[in-house]
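For reference, the structure discussed in these notes is given below.
Derivation of every value follows stated rules applied to the coordinates shown; laboratory data play no part. Please read these numbers as outputs of a predicted model, since none were measured by experiment. FYI the Cβ positions are ideal-geometry reconstructions off the backbone, even for glycines, and counts take in every protein chain you see.
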Amino acid sequence: MTLTIEHFYILVGLLLASVAIMNLVDRSNPRRVTTALFWGLYALLYLAGERMAPAAVGALMIVMALLAGFGGVKAGAPRTLDPEQRRASVARLGNRIFIPALLLPLVTVIGATVLKDVQIGGLPMLDPAHLTLVSMGCGAVVALIGACWLTRATPLQGVREARRLVDAMSWAVVLPHILAVLGLLFSEAGVGKAVAHLTTTYIGLDSAFVAVAVYCIGMALFTIVMGNGFAAFPVMAGGVGIPVLIGVYGANPAVMAAIGMFSAYCGTLMTPMAANFNIVPAALLDLPDKNAVIRAQIPSALPILIANIFLLYFLMNL
Amino acid sequence: MQSAVNLWPLLGVVVVVAGFLLRANPVLVAVAACGVTGVAAAMPVMALLESLGTAFVKTRNLPLILLLPLAAIGLLERFGLREQAQSVIAKVRSATAGRLLIVYLFARESTAAMGLTSLGGHPTMVRPLVAPMAEAAAEAQHGSLPERVRHRIRAMSAATDNIGLFFGEDIFVAFGAIVLMHTILQAEGIEVNPLHIALWGIPTAITAFVIHAWNLRRLDAEIEREVSAAKGAA
């Protein structure tokens, strides 16, 4: 049997359903019904999404967004150990507490490298199409077992703790997902083509340096809009990179590609659209300013982008 | 050049930019942009809902990386993972927030360059270990920190993870971005060795390390300034 990503969809669905139920029965949550509805719908889309009519899924996504957008998703009062108990636990466990935490990345890496080609009964053990995610899911389960064994807590307590963290992040959990949907819709509706059309029609590309600058800055700007460098690359490479940099100025395609993608990543560092990298960590780290991570990244991203323009200009004809 | 490029879908982009500038709830902004883009592209309502639904089901893999580790990490936090990480780093006399993050930047970028991208990450490393350690290092050096400084150190910890990951992973040959670039160039009839794409990423990878490490050194000076200003005010 192959362990596939669908198994982990079910696991996440069950986790989200537990979050919904725990919120529904928690009187310390000021919006417990709408909160439970929000997480319950998300759970449903994980458990049964592929069997539902696509239009129904789309409608439920909009309901979720409205619940989140109008303040319907709140948290219950978190229950943690009191400081005294926690100090005792730290004294008892010492550095052993790092073992389960490090098991997670360790199992993930072993799964993605050593177990990659292992087969059971002629079938691959881990879904090759989603190898890293499936390995990471295994790592998360192994780490949870290790943590329960070490702390003598039950897996249910683990679910309660997961709920505390999900509650704290609130709607930021679904933002990357909804933005990914928007990104796909953008490409379906031809936003990429329109942007490429504008850049190539209205900007003069008659000097090599200007063309390089347009290409790199365009990559970054387009990524800022789409939130994803993978969406920007085909557009800018197709619009400027291949016809102008390679076609007119004889650039080395490998240099054009490598530095172009890195310019797109500079854009990723500067946009709230890349929510999983920029907005979710702000929520995870309890930062009051949701753009704090972006602010911390701009002083690195802009100089790297400028450096990229010069690197591409000087390296492309080597 | 065909003149049939439809510029109307760009209205969706306008909605996104305006929404973020007005600081509206980002989930609402995203859904509003979906609606405007669909209307601008002349999609019937049912077709739009179907597109949204199909895309939503297809991208369910994205949140897994955030949601799966939460139970294990949350449980370990309950029993003092962050406190232990802090007490370990507080014993290292030469540790400062900036130096610690430079070490993490190096480790993150070099392991990502070897394809080990899952060794870091915000839920698994930054929240439970890196950010508390960076805070503890600054605390061991300066005593208690103003809230603003704490938030700044946490944001820089998250930024360091991102920068290390982005500029490391792309010089690993088997990484998805390299495959994507290779496929796109091939479709245009340009034959490139994927290894060359990876190798030509190295100058930027080194530049990114130097620039961000420089900013992390400045973070130490900034913490020093903010803490003494806070002490002077008290």
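Computed over Cα pairs, the Kirkwood radius of the protein assembly as shown leads via Stokes-Einstein (1.567 mPa s, 4 °C) to a diffusion coefficient of 53 µm² per second.
Mean partner shielding of peptide A:84-94, defined as the number of other chain Cβ atoms within 10 Å of each residue Cβ, is 4.
For the residues of A:271-283, the average number of beta carbons from a partner chain within 10 Å of their own beta carbon is 5.
Note on the protein assembly as shown: with charges restricted to the Cβ of Lys and Arg (+1) and Asp and Glu (-1), its dipole about the Cα centre is near 1680 debye.
May I ask for the net charge around A:Thr35, where only other residues with Cβ less than 14 Å from the Cβ of A:Thr35 are counted and Lys, Arg are +1 while Asp, Glu are -1?
That sum, taken over residues with Cβ under 14 Å, equals +4.
Summed over qualifying helices (DSSP H, 4 residues or more, each -39500 (n - 2.57)) and divided by its residue number, the protein assembly as shown shows a 222 nm mean residue ellipticity of -23000 deg cm²/dmol. Here the scattering of the stretch A:179-315 is modelled by Debye summation over its C-alpha atoms, one equal scatterer each and no solvent; at q = 0.14 Å⁻¹ the log10 of I(q)/I(0) is -0.62. One chain, two ends: A:Val25 and A:Phe230. Fully extended at 0.36 nm per residue, the span grows by 69.6 nm beyond their Cα-Cα distance.
The charge dipole of the stretch B:64-233, taken about the Cα centre with unit charges on the Cβ atoms of Lys, Arg (+1) and Asp, Glu (-1), comes to about 720 debye, rounded to the nearest 20.
The angle between the Cα long axis of helix B:202-233 and the longest principal axis of the Cα atoms of chain B comes to about 50 degrees, rounded to the nearest 10.
Taken residue by residue and averaged, Cβ atoms of other chains lying within 10 Å of the Cβ of A:219-225 number 1. Seen from A:Pro281, the other residues with C-beta closer than 13 Å to its C-beta sum to a net charge of +1, counting Lys and Arg as +1 and Asp and Glu as -1.
Between the Cα long axis of helix A:155-169 and the first principal axis of chain A there is an angle of about 50°, rounded to the nearest 10. Could you tally the net charge around A:Ala254, taking each other residue with its Cβ under 13 Å from the Cβ of A:Ala254, Lys/Arg +1 and Asp/Glu -1? Summing Lys/Arg as +1 and Asp/Glu as -1 gives -2. Spread over its residues, the convex hull of the C-alpha atoms of the stretch A:4-93 is 124 Å³ per residue. Take every Cα pair under 8 Å whose residues are at least 6 apart in sequence, average their separation, divide by the length of chain A, and the relative contact order is 15 percent.
Amide H contacts for B:Gly121 (H built 1.01 Å from N in the peptide plane; partners 5 or more residues away or on another chain; cut-off under 5 Å): B:Val126.
Amide H contacts of A:Leu126: A:Leu3, each under 5 Å away and 5 or more positions distant or on a separate chain (H built 1.01 Å from N in the peptide plane; Pro and chain starts excluded).
Reported to the nearest whole Å, the Cα centre-to-centre distance from the stretch A:142-218 to the stretch B:80-148 is 24.
Descending by average beta-carbon neighbour count within 10 Å, the peptides A:111-121, A:256-266 line up as A:256-266, A:111-121, the highest first. With respect to chain B, whose longest principal axis is taken over its alpha-carbon atoms, helix B:81-90 is tilted by about 50°.
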